[in-house]
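Note sheet for the following structure.
The values are calculated or read from the model by the stated rules, or taken from the named source; none is laboratory data. Predicted model, so just to flag it, every value in this text is computed and none were measured. With ideal geometry, Cβ positions are generated from the backbone for all residues, glycine too; neighbour counts draw on all protein chains shown. Quick note on the areas: whole protein, heavy atoms, side chains included, nothing else; ligands and nucleic acids left out. Shrake-Rupley method; radii C 1.70, N 1.55, O 1.52, S 1.80 Å.
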Amino acid sequence: MALRLENVGGAPLSVHHAGIGGLSKRRVMKSPSAEESPATAIQERSVKKPSPDQNAFDSGHAVTEAAPVLSSLGSPPVVEPDMPFNPFLNAVPGISNPYELFKAIVMLPVAILRMIAFTVILLLGLVLTKIALIGARDVLTRPFPAWRRSLLWPVRILARVLLFVCGFHWITIKGKPAPRERAPILVSNHVTFVDPVFIFYKHLPVIVTAEENLKYPVMGAIISAMQVIAINRGSPDSRRNAAGEIKRRAMCNDWSTVMIFPEATTTNGKSLVSFKTGAFTPGYPVQPMVVRYPQVHMDPSWVAQGPSIYFLIFKLMIQFHNYMVVEYLPVIEPSWKEQCNPRLFTERTRMTMASILNVMVSEHSYEDLSLVSDAQKAKDYSTIPVIEFGRFERLYRLTMKEAKAYYAKFKLLDPAATNRVTYETFVKVLALPDCQPVQQVFSLFDGLGRGYFNFRQYVNGLAFISRFEKLRETIDAAYGLCDQDNDGILSFEDVFSSLKDLIPSISGRQIQEVWKKLSKGMERVSRDEFVEALQRDPEYLAVFLAARTDLLTPKSAAAASSSAASTLPDGFVNGSLRSS
């Protein structure tokens, strides 16, 4: 499967859009016209329906329109069930083949010397940083005067020596940095720990970084000397405050250039993931910078699903030479429309950088890593695929809290951690019988008819149901359907007769299990508690809609209330099966 298309023969590049609603992956391809800009080269990909026996996502990244399984809900946007690549995976093997083993043995003495030098340089840099900051107050809130910035020059030189020790004997630089007055904000892709070391040496900028980076024993102090804007990535308030701080520092020339990694995390360099808008919200010109590591036997990317930083440093040091290319692109100035809508400015910059890097563009984001981290900490999945959170965030305004709740629900459906839920497992966990309404709901998740769905498809289905424009109206209608005696409170008897009316094949034991989920052990359920239950488990709401296609018609609730209620069989008392 080709993940990247090379720019053969110097052909101009443009970015072609692919997917539904303008929110899915894009890839960089040859442009039919040299004058065609990335923005005008965006095109819709053709829809291609897979064959019935197609159990894997093909290399053409085809998508198909979902069959309208529930007429009241409509059809959810179809997302590719399997991601063609993972930008957070460093799959280059360690010292496992003969060549790597031979190189490690031969270069080991050199690597030892390099490690000693690496440690000495770090400690010396820490000492010089402490000296340069003697007497400095409000390091993170007030700009340094010029004389204090000059005291940090020895530390910057040491940063370049550190890169030399790591095997970056020379670094290819294309283009020139724009003066701060021309572009107060610099943005770059982020691959590994080498990126900020080079940027520190070259620019000594104000950098936006995660709070946890300040806690590293040695590097934390050196990073602080860059007068960073620290962000708690899990706090929306922190992100909003950072956006204001970026604008404040960008508009004041007393500060250094503001340097931002808009991806907010590292990737393997094979794609550009979703950009945060913080660098683009102020509406100032930005200069993009792209970093490449054209290695063959070494992947220096420091990613979530890859080797530790210590192993990466060791691998760099057993290389005779490591390659790094830095390219400064022309300054991009926002239009009036882009100043009003920073997302447009963000995407134009991302497309420009992608075309130069000749890589794909996707909607993965830092939030994907948060889900993967939770899965790995719980040892549920070692290789659970990322869901491309940015796309769901735009399609449904999905929050991280909701995504984690969906993940907890999915674990119940997939206890074997296979990332596949079959129809048999689906009906068993929901405690429902095999019937047409349940089959329709399953088809809503399994949009391609493969006989199973994975976590990515599950998130798409749940988010679609939860964002149904008539959600509350539907829940109220379902409540009216269940409240057989119109007393405003649901009892087990109400739910029993209603479910028997909806799904005649449902057993008493299954109704009892559904009631347990609905009532959480209580004897009665109020309207608000019923609403909360169906918002928590929207699959049951979809079953209501599938079983009663007239649920949202004006007379449906009244007709349901006046219909003859099914009688309870002997053996049931307050929602429990009495043992004989």
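Length gained on full extension, residue 436 to residue 181: 85.2 nm, using 0.36 nm per residue less the C-alpha separation.
Once the Cα-Cα distance is subtracted from the 0.36 nm per residue extended length, the residue 374 to residue 343 segment shows a gain of 8.3 nm.
Shape of the range 158-263 from the C-alpha gyration tensor: oblate (a/c of 1.5 or more and a/b not above b/c, with a ≥ b ≥ c the square roots of its eigenvalues). Computed over protein heavy atoms with a 1.4 Å probe, the accessible surface of the range 212-284 works out to 40 Å² per residue.
Taking every protein chain into account, the accessible area of the range 465-535 amounts to 46 square angstrom per residue (probe 1.4 Å). Net charge around residue 402, counting only other residues with Cβ within less than 12 Å of its Cβ (Lys, Arg = +1; Asp, Glu = -1)? Neighbourhood net charge equals +4. The residue among 444, 461, 400 whose Cα reaches farthest toward the positive pole of the charge dipole of the range 348-484, with charges on the beta-carbon of Lys, Arg, Asp and Glu, is 400. Excluding residue 423 itself, calculate the net charge of residues whose Cβ lies under 9 Å from the Cβ of residue 423, where each Lys or Arg counts +1 and each Asp or Glu counts -1. Taking every Cβ under 9 Å from that of residue 423, the sum is -3.
Listed by chain and number, the aspartates and glutamates whose C-alpha is less than 18 Å from the C-alpha of residue 276, apart from same-chain residues fewer than 8 away, are 211, 237, 245, 263, 333, 338, 347, 363, 367, 368, 388, 393.
Each peptide among 239-246, 162-169, 333-340, 270-277 gets the average number of other Cβ atoms lying within 10 Å of its residues, and from highest to lowest they stand as 270-277, 162-169, 239-246, 333-340. Separation of the range 179-204 and the range 318-365, taken as the distance between their Cα centroids, equals 13 angstrom.
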